[in-house]
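> Input: one structure, supplied below.
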Amino acid sequence: MTERTQGAFARPGVSPTNDLADLADGFARAWESRPDERHERWFTFADHPIRIRVAGAGLAGDVFRAFSHLEREPDGSAPALTVDLWDEGETGVGVEGVAPSGDLNDHGETYASDDGFVVVTARPQTRTALHRVERRLIGWVADHGRLTQYELGRPLHSELMLWHKDRGVQAIHAGLVARDGQGVLFGGPGGSGKSTTALTCLKAGFEYMADDYVALEARPDGAYDGHSLFCSTHLEPDHLQKFPYLRPHAIPGRLPREDKSLVLLSDVLPNGLSRKARIRAVALPRVVDAERPSVRPATTIEALLRLAPSSLILLPYAGVAAGEFEKLSTFLENIPKYWLELGRSMDEIPDRIGEILERHT
């Protein structure tokens, strides 16, 4: 990480710190020049108040939709993070030297100032700068109509992961459902059954936090809370067929690699979504050749092997990942763990999760 960068998305001779200043100026001009396009809402991320301002009605709709289950009323509290975004297509305001890339398949790049305080994330249609000390995130979007399916379902994904890390909250690749605020966390790689388990439980009346990303927070008393990040789920075509009530809400991908359908669950079962839960146990779903789902104890090592590989790559660059493995290990050492072996009968999955909760609440 250096102050001057040479990547394809870098602006020649412009440091990350100056990138931040230019983006801040761009947002200010868009916000002032287009009062008809101003939109502001407040949200709760990991118990912290967050203010998001967006210049551009279409972009505001896309961003707010993914966080709608986390919305709150402003109460006079100072925001723990301010997010300012604008759409160049809607406002007519750009930034010199910043232009969209025609190749939406490019994953973009992330680079930081020498002190690590300013982190710039550049993608084909977006550019953001996060000041980790001042707790402000500013972003430019070329055209919200060309955002990828992933960006619609998980806006500001890597930026928010880093902000949570700076608050002592670890983002992990997992699902989470709860009953009366008492939750079971699901760990495993893609295709292991996290989404099947979470969505089946949601339909059965459980509170739903996530099927893919959870913000994990250690409490002073040794307990752990899991916080919701997004209200989205991504489902493969055959998987979507198992949940017919979701099919009318499916948003297809725009790129060859986006072979799943996006569903924003706030459009389907908004009353079933929740912000956080106290984690009482971990379940490790896996598909087995059996008629009915079953539960059996799992070890810490087994849980680490299911959770760690995909969780430890979530932060935007390796230099900020120090200590994450140790935190995850400590969590798993101190919580009950189970294999959740998924048979052909999906209807009984909520019963098994309910049984786990009964043992530990």
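> Sum up the lysine pairs in the chain that clear both bars: alpha-carbon distance under 17 Å and a spacing of 8 or more or different chains.
Going through the chain pair by pair, I get 9.
> Run the dipole for the range 170-360 about the Cα centre, Lys and Arg Cβ at +1, Asp and Glu Cβ at -1, nothing else charged, and hand back the magnitude in debye, nearest 20.
Details: 22 positive and 24 negative charges, 23 e Å.
Roughly 120 debye, rounded to the nearest 20.
> Taking H placed 1.01 Å from N in the peptide plane, check which residues at least 5 places from Tyr224 or on another chain put their amide H under 5 Å from its amide H.
Those lying under 5 Å, H to H, from Tyr224 are Arg219, Ile279.
> Something else now. Where q = 0.06, 0.08, 0.09 Å⁻¹, what log10 of I(q)/I(0) comes from the Debye formula for the chain, counting one point per Cα?
For the chain, the Cα-only Debye profile gives -0.22, -0.40, -0.50.
> Could I ask something else about it? Quick one: Karplus J couplings for the range 246-253, per residue in order, coefficients 6.51, -1.76, 1.60, θ = phi - 60°, nearest Hz, x for Gly and Pro?
Rounded to whole hertz, the list is 8, 4, x, 9, 6, 10, x, x.
> Any chance you could run the full-extension gain for Ser101 through Thr330? It's 0.36 nm times the residue separation minus the Cα-Cα distance, nm to one decimal.
Numbers: separation 229, 0.36 × 229 = 82.44 nm, distance 4.23 nm.
The Ser101-Thr330 span can extend by a further 78.2 nm.
> If you don't mind, there's one more thing I want to ask. Return the FRET efficiency for the residue pair Glu109, Arg257: r is the Cβ-Cβ distance, R0 is 22 Å, and the value is rounded to the nearest 0.05.
On the way: r = 17 Å, r/R0 = 0.79.
About 0.80, to the nearest 0.05.
> May I pose another question? Quick one: what Rg and Dmax do you get for the range 170-360 from the alpha carbons, in Å?
15.8, 47
> Roughly how many debye, to the nearest 20, is the charge dipole of the range 16-166 about its Cα centre, given +1 on each Lys and Arg Cβ, -1 on each Asp and Glu Cβ, and no other charges? Intermediate values should be presented prior to the final figure.
On the way: 16 positive and 27 negative charges, 79 e Å.
The calculation lands at about 380 debye.
> Quick one: compute the contact order of the chain, relative version, from alpha carbon pairs under 8 angstrom and 6+ residues apart, as a percent.
On the way: 768 pairs, mean separation 55.6, N = 361.
Worked out over the chain, it gives 15 percent.
> Still on this structure, I have one more. Considering the options Ser195, Ser294, Ile52, tell which one lies farthest towards the positive end of the dipole of the chain, charges being +1 on Lys and Arg and -1 on Asp and Glu at the Cβ, about the Cα centre.
So the residue furthest toward the plus end is Ser294.
Any read-out appearing in this document is the output of simple, stated calculations on the displayed coordinates, not a laboratory observation. Just so it is clear, the model here is predicted, and its values are computed rather than measured. Every residue, glycine as well, gets a Cβ built from its backbone with ideal geometry; the counts of neighbours run over all protein chains shown.
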